[in-house]
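The structure appears right after this line, and notes come after that.
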Protein chains: 2
Amino acid sequence: MSPALTGPPRPGGDSRKRVRPAPRACHDEAVNAPSAVTTPATTRRGSNLPRVGDYNQVVVLEAIRRNVEGLSRVEVAALTGLSPQTVSNICRRLLETGLVEEAGKRGVGPGKPRTLLRLAPRGRFAVGVHLDPALMTFVVLDLVGRPVARSVRPLRPGLGPEQVLGEVAQEVAALVAASGVDPDRIVGLGVAAPGPVDATTGTLMRPPNLPGWDRVAVRDVLADATGLSVLLDKDVVAAVVAELWAGAVGGPGSAVFFYIGTGVGAGLVLHGEVHRGTSGNAGEMGHLITGPDGPPCSCGQRGCIGEVCSPRTVVETARRRGIAGLDAPDRTGPGSPAREDADHRDVVGDALGRLCAVAAQGDPDALELLEDMAVRFAKAAADVVNLLDIDQVVFGGPLWEHLAPVFLRVVPELVRSSAVATPIHPITVRGTSVGADVAAVGAACLVLDQAFSPRSATLLVTH
Amino acid sequence: MSPALTGPPRPGGDSRKRVRPAPRACHDEAVNAPSAVTTPATTRRGSNLPRVGDYNQVVVLEAIRRNVEGLSRVEVAALTGLSPQTVSNICRRLLETGLVEEAGKRGVGPGKPRTLLRLAPRGRFAVGVHLDPALMTFVVLDLVGRPVARSVRPLRPGLGPEQVLGEVAQEVAALVAASGVDPDRIVGLGVAAPGPVDATTGTLMRPPNLPGWDRVAVRDVLADATGLSVLLDKDVVAAVVAELWAGAVGGPGSAVFFYIGTGVGAGLVLHGEVHRGTSGNAGEMGHLITGPDGPPCSCGQRGCIGEVCSPRTVVETARRRGIAGLDAPDRTGPGSPAREDADHRDVVGDALGRLCAVAAQGDPDALELLEDMAVRFAKAAADVVNLLDIDQVVFGGPLWEHLAPVFLRVVPELVRSSAVATPIHPITVRGTSVGADVAAVGAACLVLDQAFSPRSATLLVTH
């Protein structure tokens, strides 16, 4: 294994390695600005005009991004509080760099119609990959967050990290080529992986779900292999960012997004900002105890949600109880390519999907199992809601579509009746519309977010 | 009961009622600025110079506050990045309004010695009160957060909210008079109360620990009765603010402060900012399950930390197991004033203190009980640490001094071995030095904090 793959994390390193100096002024400014998430809350400095200028450019871009129908320069000035001259200068730069485009004219009152500006969807792109233990998912998103290309590849258990990351780099190049996107317009590559990660150094520590990946410098290896700027984040952090972009969570309050896939985890948006925690590993909730019974967990307790509500445990319990219809018909012969693909699909997830179908057809045992799962998630959700005073609970992830009917019948009432803040503010419980690719999409959104979103900390130099 | 006591919460109200227009420019500016905590994260506006001016004044004040030895104007300029002329103007205003004072001169190099500026401790004061169900605590803090006066009064169970708040107003006036502080220099009154609270409207909802207090408009009632600006916050939020001021938590990372008193709760500091949640009720952790056994909780589960680790439960268990030495010698006759005072002291807390003393003398049953309590707190702490990726765990509150020896022997290793981020960053577990008055002190700190701390959101107008 090469030193680059196994090097120790470098404290204080930038969270993003820039390998290829990009010639885009706006992008450079945004990347060089400190992010709100990693800025230490030490003594803050006053603001100086050059920085305000950079910040205002991102603020203008954000105002335009939020108004998909298009905004006139006058409207941008009104929304941002900036002077018409400042807005005019910034918009000229944004047009020149291809981030913004003209979107027709709108007449208001007796004056001449005003030219509308909107985000140029094909002005920039970002690539996202989700290193799920079963399946790697790749997406290319345009600047407004729409997928323009997608692929999946099995993460073959026999391969070491170096080989897997080599395959990732190959697949990224192949997907970009197939998408027809100008490679020069790709802002970067976001990688979502199971934790623990060291987001500061872009290192994957020793994730229980990826055996053999011990202190792998994913960011640096992929930056060298792809020539792209790379960031690494934990899968649930990436997933909740996708939810934020899709509008499933957000607003002034606080939200928890429960990801249900191969594992279960929580993504947190607190007061409108993604909460990463000290090292980017927030969202571990597997050992929240949901009740006295359940199979023994590795921690020595019973009833830990990560154990008792894992798709694997639920499917095993269903099999043990003799619930029929969980296994897929075997349509492939041994050794055939189709069989190999099937081996690397999410077999457990598929079985859980069939369990949900059996329950929907009225099987009382299947229904009881799923209701128990929902009650336990409601308990964990209530714990998180009470600890953080959260007003939005969202469920999602690749298995959500199957679980939604039972969960949405059971969970909302239980959460509301357990939340101490119920008399003060509404608590919404709902499912997301972002599908199985949520973590890969989120990884790409993180790249766009880091490059183009305003953060108040860009005004504040820390030292 | 007057309408003012029972009025419904007013959505969107300012979190602080200003009853007496204060003639202090700096204070007014700070109070009128939106706080980072309550600012919705909607479209942000660019910064304009007049606002930057207000903000810079608070930034200068903060720089001076953080350097208790004193700072020269040149050093302020270097630290804040502001121009010497701006710093000079701001410092003149701060001196005129009495917030800052000169603190001698310091010679550096061949030039003339530079005048040092420091916070004027007696430039402003704040009053804090903790409405603990057993005992009300009152403090007056100076501008640097030092208590200059303190008193306690029983919260007599027979009285209604209106009478209790009348007593609070009387005691505030009496304490301020006794302290010798100029009433015109009192910035405001902070109230810490058991949740749920509606911090936006300053209303105490229906706290389980204060029966009969249903939608009591504490802020408005006390503002009318005292003539002071009043803010209401949840007790654990106030407590963690006191810890933040005392330097027990803070820095760039995230911290949880476990408050152990009549109840147990968690105060959260995430990325250097106090986390209040959607309505100021973050920190409820009473139903985190710590294991399969324990007395039944009102929620239907067993092992909830708020039930199994409450001082009342621990003391009851100790009595049931025949552990001797828990009861105080009765030195007072029935009906005597001393007896009445004793009735309103924290009887359960005192018994827990004696249990800890018995354990320290080597009683194995007492020790086992306390170790079980510590193991359960370690489990809850690990859950919170993993959910939020926290790097600092601090225990405190009025009962902490008794529990410290056992907890500090048991908890740190258990938390570290359960935290997924342990390979990435250190996780410190320690006790606080802020004593039994932590919530009252924190309530007063909140007043100072709201008036005088820089918040990046003051730069950002929202709409």
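The values are calculated or read from the model by the stated rules, or taken from the named source; none is laboratory data. Since the model is a prediction, treat every value here as computed from it, not as a measurement. All Cβ positions, even for glycine, are placed from backbone atoms using ideal geometry, and neighbour counts span all protein chains on display. Note: accessible area is taken over every heavy atom of the protein model, side chains too, but ligands, DNA and RNA are not part of it. Shrake-Rupley method; radii C 1.70, N 1.55, O 1.52, S 1.80 Å.
For the range B:252-432, the solvent-accessible area with a 1.4 angstrom probe is 39 square angstrom per residue.
Heavy-atom accessible area for A:Trp400, with the other protein chains in place and a 1.4 Å probe, reaches approximately 20 Å². Binning all Cα-Cα separations of the range A:251-432 at 10 Å, short to long from zero, yields these whole-percent fractions: 9, 34, 34, 17, 5, 1, 0. In order along the range B:178-192, the phi-based Karplus estimate (6.51 cos²θ - 1.76 cosθ + 1.60, θ = phi - 60°) of 3J(HN,Hα) comes to 5, 6, x, 7, 5, x, 5, 8, 8, 6, x, 10, x, 10, 9 Hz; Gly and Pro are listed as x. Net charge in the neighbourhood of A:Gly107 (other residues with Cβ under 14 Å of its Cβ; Lys, Arg +1, Asp, Glu -1) is +3. Per-residue shielding of B:421-434, expressed as the average number of other chain Cβ atoms within 10 Å of the residue Cβ, stands at 3. Net charge in the neighbourhood of B:Gly396 (other residues with Cβ under 15 Å of its Cβ; Lys, Arg +1, Asp, Glu -1) is -4. Each residue of the range B:275-285 was assigned a 3J(HN,Hα) from its phi angle through the Karplus curve 6.51 cos²θ - 1.76 cosθ + 1.60 (θ = phi - 60°); the sequence is 9, 9, x, 4, 10, x, 10, 4, x, 6, 9 Hz, with glycine and proline shown as x.
Sorted shortest first, the distances from the B:Gly109 label point to those of the same residue in the other copies are 5.6 nm; each point sits 7 Å from Cα along Cα-to-Cβ. Would you work out which of A:Cys297, A:Cys309, A:Ile427 lies farthest towards the positive end of the dipole of the range A:251-432, given +1 charges on the beta-carbon of Lys and Arg and -1 on that of Asp and Glu, about the Cα centre? The Cα lying farthest towards the positive end belongs to A:Ile427. With protein chains left intact and a 1.4 Å probe, residues in the range B:95-192 average 42 Å² of accessible area per residue. Based on Cα contacts under 8 Å between residues 6+ apart, the range B:252-432 shows a relative contact order of 24 percent. The alpha carbon centroids of the range A:257-296 and the range B:130-147 are separated by 36 Å. Contact residues in the range B:214-260 by the 40 Å² criterion (accessible area, 1.4 Å probe, full protein complex versus chain alone): B:Pro252. Using +1 at the C-beta of Lys and Arg and -1 at the C-beta of Asp and Glu, which of A:Ala126, A:Pro157, A:Ala246 has the Cα lying farthest in the positive direction of the dipole of the range A:113-252? About the Cα centre, the residue reaching furthest to the positive side is A:Ala246.
When B:Lys234, B:Lys112, B:Lys379 are compared by accessible area of protein heavy atoms, the largest-first order is B:Lys112, B:Lys379, B:Lys234, using a 1.4 Å probe. A simple rule links phi to the HN-Hα coupling: the Karplus curve 6.51 cos²θ - 1.76 cosθ + 1.60 with θ = phi - 60°, which for the range B:154-166 gives x, 8, 6, x, x, 8, x, x, 5, 5, 4, 5, x Hz, with x for Gly and Pro. A probe of 1.4 angstrom, applied to the heavy atoms of all protein chains, finds B:Glu75 with accessible area near 60 square angstrom. Counts of other chain beta carbons within 10 angstrom of each beta carbon in peptide B:129-139 average 0. For the peptide B:60-71, the mean number of other protein chain Cβ atoms found within 10 angstrom of a residue's Cβ is 1.
Accessible surface for A:Ser417 stands near 80 Å², nearest 10, in the context of the full protein assembly shown (1.4 Å probe). Computed about its Cα centre, the charge dipole of the range A:251-432 is approximately 100 debye, with only Lys, Arg, Asp and Glu carrying charge at their Cβ. Counting protein heavy atoms only, the range B:252-432 has 53 percent of its accessible area on carbon and sulfur, 1.4 angstrom probe. Buried accessible surface for the A/B pair, both sides summed and rounded to the nearest 100, is 5800 Å² with a 1.4 Å probe. Counting charges near A:Glu69 (Lys, Arg +1; Asp, Glu -1) among other residues having Cβ under 11 Å from its Cβ returns a value of +2.
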